[in-house]
Structure formats: structure tokens, C-alpha cells
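The values are calculated or read from the model by the stated rules, or taken from the named source; none is laboratory data. Please read all numbers here as calculations on a predicted model, not as lab measurements. Surface accessibility is based on the protein's heavy atoms, side chains included, excluding ligands, DNA and RNA. Shrake-Rupley method; radii C 1.70, N 1.55, O 1.52, S 1.80 Å.
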Amino acid sequence: MKLLWVQAAGCGGCTQSLLGAENRNGVLAQLAAGGIDLIGHPGVCEASGDEMLDLLDAAADGGLTLDLLCIEGALLRGPNGSGRFQMLAGRPLIDWVCRLAAHARHVLAIGTCSAYGGIISSGDNVGEACGLQFDGDQEGGLLGADFRALAGLPVINVAGCPPHPGWIVDTLLLLAADTLRPDNLDAWQRPRFYTEQLVHHGCPRNEFYEFKASAQQPSDLGCLMENMGCKGTQANADCNLRLWHGVGSCLRGGFACISCTEPGFEEPGHPFMETPKIAGIPTGLPVDMPKAWFVALAALSKSATPTRVRENSRSDHPLIAPGIRKSGKK
Ligand code: SF4
Ligand code: SF4
């Protein structure tokens, strides 16, 4: 399958993430093993200059059928809808993208910018940035809500800022194997294999969460939900189960989850590392949990917090080790 990767308005972090895919032979070998040939990428492929333009022309005119079209970065419609804020070979990039998408069997938005607008669309959005098929949480975007690629699927949003390399590679391999169906996408058109988990699942701070033993400041070991802005109990992603580079995640690095896989994450209305509260209760509560239950459970948990858990939660290293069970004790 022929894969063309186009970079629109972004930081390039999604490509950087992709290059971190774990495979001892590298990501290109991993894709090749699935029958995928990366025929064009501004940073990774040899084709450049006239050779690349010929390839783009052939694909945009339909002379070359693209199996997989990956767009990284938001689409700039400005100024005044002309798209001239980002030009490629004399044309607005958004024109290229529309023409390429019309001849692609599958279209993938790689990263939250390409999916929903992301960081690039924040603030006054003077660039008129949007996603391929969403403008924030509104359907539409550059291609329109009714767009379907030649194989029948809407834009597949591999959202994340950046997405985990495994999300990108697994999505591409599923498409190569012709096993990704419309009902395998969630309400935001993200592959459900990574969004039917919460970031909270597998977080090493779970014991602190259970007792609402919360970090008071950056570097504390405690749960980051109550004070430090963590949205892991609401964020759809498997970041603490499918670790980054086999070892890491935002939480494991000491940072709150800011739910970068969802539209609008870039402007939460409060500092990323602070938890907004009303009457001392976080406004963003765990999904699937009624507020009254959370309040009751939190009060009970706090009253039963073991000294070890409470003390360790407020330190940057464990102060008290867990007790040792006596052998054979029931
Ligand atoms: S830090 Fe966030 S993800 Fe980790 S246990 Fe607390 S709420 Fe869950
Ligand atoms: S932990 Fe949260 S902020 Fe970090 S990559 Fe995963 S979804 Fe994004």
C-alpha cells in the first residue's frame, strides 16, 4: 500500500513520535512488513524537489491512487479563507490536501491539530486553523462532515499531542490488513483500540488516588487529580498501559494528563497544571461517576488514608516503605 505523509501547520512532533516506534529494525521496516510503502514524507523520504512535486501532482490528479494519506498538523484556512498562510509549490496547502484526499482510499489525521485544530487553533486563531473533518468539537473542518475516503471511512483521527507511535502504526497496519471498520471508531472518529481505556488505568499513582492522597506541588508523588490538573480519569487513551518508549507516560514523568486526545484540550480555561474547583471540589470528575458518589467516596477515603500513603504523597521520594507481611499469616 502506498502511504503519503503531508505536513501542514504543526510542530513536527507527530513525526518525531512516529520515529520512536519500538521496533529494532525501525518504523519503516515495521510498516514494510505490513505491506506499506512510505512513498512521500517531507523529512523521512529521499524524494524531494521536482521528484516530490511530480508525485504530489500525480496523486492530486488521480493518476496515482493513494492507499493511505496521512496529514500531520492543522489546516490553515487564513487569511480570509484563502489558505495562503501556508503555501506549497505555489498553491495553498489546503488545496493540495483537498485534492489528495479526493483520491485517497483512506485519510488519516495524525495528531490532534490535524484532527480538531489543536494547539495551532488556540487563542485568536488568526490562521483560521481547523482539523480535517472537525473544527474543534464541531463537525466540518476542511473536508466537511460528509467526506468519506474512497474506501468508505471518514477521516480517521489518530488524535494525541503527539499521538503514541503505536497508535499510528497499529492504525496503519489495521488499514493495510483491511480490518478497520466504521464501528471501530469512537464518537470523535478515533480508533477505539486506544481510546476505550482511560489514562488513569495503570497509572502508578493509583494507590494515592484511592485514598485521595494528593500531590501538593510539582514533583510530589501523590495523585495529581485534586490539585495539579490531572484529567487521567476522564482522558480516553491507554498511555499508562501502552507505555511510551516502553517505560514512560506523562504521569510517570511527573506531569498531569491534560487529555491531549480530545478536541479543545488546548484551551481548558485554566492553567494546565491546576485543578479548577468549586467549593473545594474539582469540577472535572471521573467519567461514569456521579458527583455525589465522588464527594462521599473522597471524604471516606481521606479519613482512612494510611500514614505511609499520606506522607509519601507529599514527598518527591518514598519516605515510608510498605509493611512486610508475616509468612503464612492469613
Ligand atoms: S495522577 Fe491522574 S491518572 Fe494518575 S491516579 Fe491520579 S487521577 Fe489517575
Ligand atoms: S497522558 Fe494524557 S496528556 Fe499525556 S499523552 Fe496521554 S492523553 Fe495526552
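Of all the options Gly123, Gly248, Gly131, the one that moves most in a Gaussian network model of the chain with Cα springs shorter than 10 angstrom is Gly123. Note on the chain: GNM, Cα springs under 10 Å; of Val247, Val97, Val287, the largest mean-square fluctuation is that of Val247. Note that the chain, at 10 °C in a medium of 1.306 mPa s, gets a Stokes-Einstein diffusion coefficient of 74 µm²/s from its Kirkwood radius over C-alpha pairs. Using the alpha-carbon centroid of each, what span in Å lies between the range 9-64 and the range 209-237? The range 9-64 and the range 209-237 have Cα centres spaced 38 Å from each other.
Per-residue SASA remark: Cys223, around 10 Å² accessible (1.4 Å probe; ligands, DNA and RNA not included).
Largest to smallest in accessible area, the residues Trp244, Trp167 fall in the order Trp244, Trp167 (1.4 Å probe, all protein chains included). Remark: accessible surface ordering of Met52, Met225, Met289, Met87 (largest first) is Met87, Met289, Met52, Met225, probe radius 1.4 Å. Between the range 290-330 and the range 122-169, the alpha-carbon centres lie 42 Å apart. Largest GNM mean-square fluctuation among Glu72, Glu196, Glu51, using the chain with Cα springs under 10 Å: Glu51. Relative contact order of the range 176-269: 26 percent, from C-alpha pairs under 8 Å at least 6 residues apart in sequence.
Ligands, DNA and RNA aside, Phe294 has an accessible area near 10 Å² when probed at 1.4 Å.
Counting only protein chain heavy atoms and rolling a 1.4 Å probe, the accessible areas of Val44, Val126, Val155 rank, largest first, as Val126, Val44, Val155.
A 1.4 Å probe, protein heavy atoms only, puts the accessible area of Asp95 near 70 Å². Within the chain, DSSP assigns beta bridges of which about 40% are antiparallel (rounded to the nearest 5). Largest first and in whole Å, the equivalent-ellipsoid semi-axes of the range 1-93 read 25, 17, 11, each the square root of five times a Cα gyration tensor eigenvalue. Extension gain for Ser303 to Thr65 (0.36 nm times residue separation, less C-alpha to C-alpha distance): 79.4 nm.
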